[in-house]
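Read through the structure below, which is laid out as structure tokens, and then see the notes.
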Amino acid sequence: MATCGLYAQPVNATVCAVLKNPASFNGKTVRIKGTVVAGFDQFVVNDGDCGEEVNGIWLAYPPGAKAKSGPIAMIELEPAHNFAGKVAPEARPAISLTRDKAFKQFDSLLAQRHDQSGGVCLGCPRYQVQATFVGRLDAVDTAGVQRDASGKIVGLDGFGNLNAYPARLVLESVADVTPKEIDYSASDAVIKKAQPNSTGESDMWRGVAADKGISEGSDQAPLFVDPIVTSQELVAALVPGPTADQIKVDVALLPKGKEQNGVTIGYGTIDEAAAVAQGTADSPDGVFFVCTFNRDRLPGLALTLALLHAMQHVSDIRSPHPGSENAPPYFFEKNAWTVTAVSATAAGTKYLTLPGGYLIWNADWPDALKTVNIESALNDFLAKEDLLAK
């Protein structure tokens, strides 16, 4: 007597093959080799430039995984009760995560952050990890926001931050884990040379801490920062100009009390592939912007900067400038990071470093070069680190 069992055998694939035709892999169990980046608002498997707008597969854990690693900030777009499009029910097979030695090593490495001696290193991970991944591949034909002829949002397909990724790998197991420490030596050297004894906090943070009786460098300090209050205080310190006006618009989008404005702010670890259901409340444009931050990895002023970054994304999607309604993720990320850099300068931050060691703000730069240097560092970061295409 023979006993037979049917199991989903993994299909060998590459990152680029999936991104060129995501729908052909939808629902399949796949085995993929690549490098995982757990950056500021990234948690992706990539394998170099595949010639797409987004050159990575979003990585997610099954519900209940309670992993330590993941993106540090994330915005998910979900349909509100008054959503103008159709909401199709999700029916995907359950996945169980193998929490073996390889996974624990993988999770631990990606949860470590780079400790910079001065300024703010916003969501900077210490390691990238190369590995072989097995999991369920979810895919859509078109990722991101879709609008009708009038500009109304009628589609919210996609995965990950801003629903911008057409493919998502829900992790089942990981093997062949090889860490690669990210090189921050160039940006660290600039800061150490200029401020060898810097505490790393900005003038604004020191003022907030002093008001609450918290000493500089206190381990308790990050727990006392209310990023919404600090964002509102920061607006008053902005130098007048177009970017300052935009930041004021962004801050006005923050939720106030029990007001239902479609924006929610939450804190915790990210990210698990929970099914999305249509909400029971309305929002101004029929869309919920669910903003989640890993507060443990955004100490002090970093949490406020992350919040302002997210609000610029909400503003760009909710009230797009004419001609930018269908812009690629590169456009939205560039706007958000520009707002982040200006906010950091207004808060008195002397240095702002992005994941990968890109120094996007240095208060010691000559005035004539500050705008040029920000633009150059930001373009390099988006193309080389985020692997986004214009």
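Quick notes on this one:
- Counting only residues at least eight positions apart within a chain, or on another chain, the lysines with an alpha carbon under 24 Å from that of K86 are K152.
- For A164, distant residues with modelled amide H under 5 Å away: F159
- The slack in the chain from Q278 to Q130, taken as 0.36 nm per residue of separation less the alpha-carbon distance, amounts to 49.6 nm.
- Residues A194 and A237, FRET efficiency given R0 of 25 Å [Cβ-Cβ distance, rounded to 0.05]: 0.65
- Among the listed pairs K180/K334; K68/K180; K370/K390; K68/K350, a Cα-Cα separation exceeding 21 Å is found for K180/K334; K370/K390; K68/K350.
- Sorted peptide list for 141-150, 106-115, criterion being average Cβ within 10 angstrom, highest first: 106-115, 141-150
- Candidate lysines for bridging to K66, where Cα separation is under 19 Å - those fewer than 8 sequence places away on the same chain excluded: K101, K104
- In the chain, one over the average inverse separation of all distinct C-alpha pairs is 21.7 Å, which is the Kirkwood hydrodynamic radius.
- Counting only residues at least eight positions apart within a chain, or on another chain, the lysines with an alpha carbon under 23 Å from that of K28 are K20.
- Within the chain, percent of DSSP bridges classed antiparallel, to nearest 5: 75 percent
- Residue-averaged 222 nm ellipticity for the chain, from DSSP H runs of 4+ at -39500 (n - 2.57), nearest 500: -8500 deg cm²/dmol
None of the figures in this text is laboratory data; all of them are computed from the coordinates on show. All values reported here derive from a predicted model rather than from experimental measurement. No Cβ is skipped: glycine too gets one built from the backbone with ideal geometry, and neighbour counts run over all protein chains shown.
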